[in-house]
Amino acid sequence: MAAPVPPLLSPLAALGRAVLSACAGVGTVAVFAGRATRAALTPRWYPAQILRQFWAVGFLSLPVVGLTAWFTGAALALNIYSGGDRFNAETVLPQIVALGITRELGPVLAALMLAGRVAAAIASELGAMRATEQVDALVTLSTDPMRYLVAPRLIAVTLSLPLLAMVADLIGIMGGMQVGKSLLDIAPRIYVTNTVDFLTRWDVESGLIKAGAFGFIVALMGCYHGFTASGGARGVGRATTQAVVTAAILILAADYLLTSLFAHL
Amino acid sequence: MSGQSGRNQWGETVLGAGVLALALGFMGWTMGVTGGGGSHGQYKVTARFGDAGALQAGAKITISGVKIGQVAKIAIDPKTFMAVTELALNSDVAVPSDSTAKITSDGLLGGAHVAISPGGAADNLKAGSEITNTQGAVDLFGLIGQFIRPQGGAAPAASSAAPVPAATPNPATAAVPTY
């Protein structure tokens with residue numbers, strides 16, 4: 001490392017450093033994820049903390065998730081209508097809306113909203129605690145911050161995102177139904193009958209499984225970036241931004257991976 | 001999320017409860033409408049087709065162009081290689097037992113559906129009974145091919161003016177008036 005690099009080779013050296021630091025970053029996150037998962041799966045648990053996170057993450061995210069889902073379902077229905085109209089297939093609107101919402105948009109948009117709302121909140125909260133040395137104080141009180149701070153958030157977000165995705169599915173279909181009624185004059189009763197007849201159990205389940213994975217990503221990114229924040233207020237701000245950005249990217253990447261995996265099942 | 005929660009979260013709490021109530025209410029209403037996910041107010045009959053064409057589960061079933069049900073399932077009969085369809089018909093429509101089911105489509109690009117022409121029998125189809133008079137999908141491209149080369153593509157070109165008795169008299173040919 002310390003050996004002087006000839007000037008010609010310095011771009012290569014820079015490239016190498018970038019690759020190495022990227023690898024180290026992935027490794028650090030993986031180690032953090034492993035420790036956090038172990039802390040979440042083994043006692044001791046802090047039920048009061050878990051419930052508090054459930055409330056903050058799950059329940060208080062409902063308005064945001066519901067609103068997003070409604071508008072998404074309605075916009076999706078409008079687009080399918082104008083697309084399906086071109087080849088006389090606009091009557092399959094309920095089915096396509098249902099499929100798009102349950103398999104893809106419900107889980108992904110709920111997860112992205114949580115990446116914005118929850119990953120940022122976790123990162124800034126833990127980052128501030130790190131900056132004010134409260135995390136170290138916990139250790140002094142012989143409380144494992146991994147168990148007390150990280151595990152409850154991991155559990156709460158991973159479990160509540162599927163529930164939020166379920167709410168998003170329902171409200172997204174409602175949004176589509178509203179458009180179907182005003183545009184195509186499909187009676188709501190028929191709309192939901194077509195939707196329920198068409199959807200298979202797996203359509204919904206695969207979306208909920210994805211939502212669980214996204215929840216893990218959101219909590220992990222929030223905790224990791226908050227936990228590793230350094231450099232005072234600015235560091236906390238940077239950690240928050242990075243938590244949101246990395247969570248969003250990982251959600252979309254995981255979405256593609258999981259969907260292609262499910263397609264081969 | 002942190003310590004100063006409490007009073008200023010009332011608005012969010014109420015909103016969250018509202019969203020939850022909306023979703024649950026919608027789910028309850030959906031359950032009521034669709035009979036708990038199952039098919040309510042419908043009965044299922046089967047029909048075998050020689051060619052299901054582009055028919056898919058969920059396609060509508062019509063009488064005189066009015067929807068009276070939808071295709072519940074399409075499967076292959078492993079012995080006869082015919083397409084066995086399960087048709088879910090609304091129970092408020094009594095269909096005579098000698099009715100004819102045929103697969104047609106709305107226009108060239110429209111989705112395939114099953115059209116039932118009611119027969120004149122006194123008794124009606126019951127749950128589980130089979131529609132025996134069926135007419136499968138018309139292979140449009142096959143028809144066009146026959147029109148362009150009436151002898152059939154596989155016929156040897158050397159057979160000079162020999163009246164090729166179409167090796168496979170396509171039963172679908174009789175269904176041309178469908179289009």
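The values are calculated or read from the model by the stated rules, or taken from the named source; none is laboratory data. Model, not experiment: these values are computed from the prediction. When we count neighbours, we look across all protein chains shown, and the Cβ atoms used for this are built from the backbone with ideal geometry, even at glycine.
The set of residues in the range B:92-117 being assigned to a strand (DSSP E or B) and either within 15 Å of B:Thr46 (Cβ to Cβ) or at pLDDT 85 or above (or both) consists of B:Pro96, B:Thr100, B:Ala101, B:Lys102, B:Ile103, B:Thr104, B:His113, B:Val114, B:Ala115, B:Ile116, B:Ser117. Step by step: first the residues of the range B:57-90, then only those that are in a loop (DSSP other than H, G, I, E, B) and surrounded by 14 or more Cβ atoms within 10 Å (Cβ to Cβ), then the one that is nearest to the other protein chains (Cβ to nearest Cβ). Which residue is that? Ranking the qualifying residues of the range B:57-90, first place goes to B:Gly58. Looking across the range A:84-137, the residues that are among the charged types (D, E, K, R) and either free of Cβ contacts under 8 Å to residues at least 60 places away in the same chain or under 15 Å from A:Ala243 (Cβ atoms) (or both) come down to A:Asp85, A:Arg86, A:Arg117, A:Glu125, A:Arg130, A:Glu133, A:Asp136. Would you be able to say whether some residue in the range A:117-125 is within 11 Å of another protein chain (Cβ to nearest Cβ) and on the phi > 0 side of the Ramachandran plot? For the range A:117-125, residues within 11 Å of another protein chain (Cβ to nearest Cβ) and on the phi > 0 side of the Ramachandran plot: absent. Evaluate the following for A:Ala2: is it among the hydrophobic types (A, V, I, L, M, F, W, C), under 30 Å from A:Thr158 (Cα atoms) and either surrounded by 11 or more Cβ atoms within 10 Å (Cβ to Cβ) or at pLDDT below 90 (or both)? No. Please determine whether any residue of the range B:118-127 is out of contact with any Cys (no Cβ under 7 Å at 6 or more places or on another chain), within 14 Å of chain A (Cβ to nearest Cβ) and in a loop (DSSP other than H, G, I, E, B). No; the residues of the range B:118-127 include none that is out of contact with any Cys (no Cβ under 7 Å at 6 or more places or on another chain), within 14 Å of chain A (Cβ to nearest Cβ) and in a loop (DSSP other than H, G, I, E, B).
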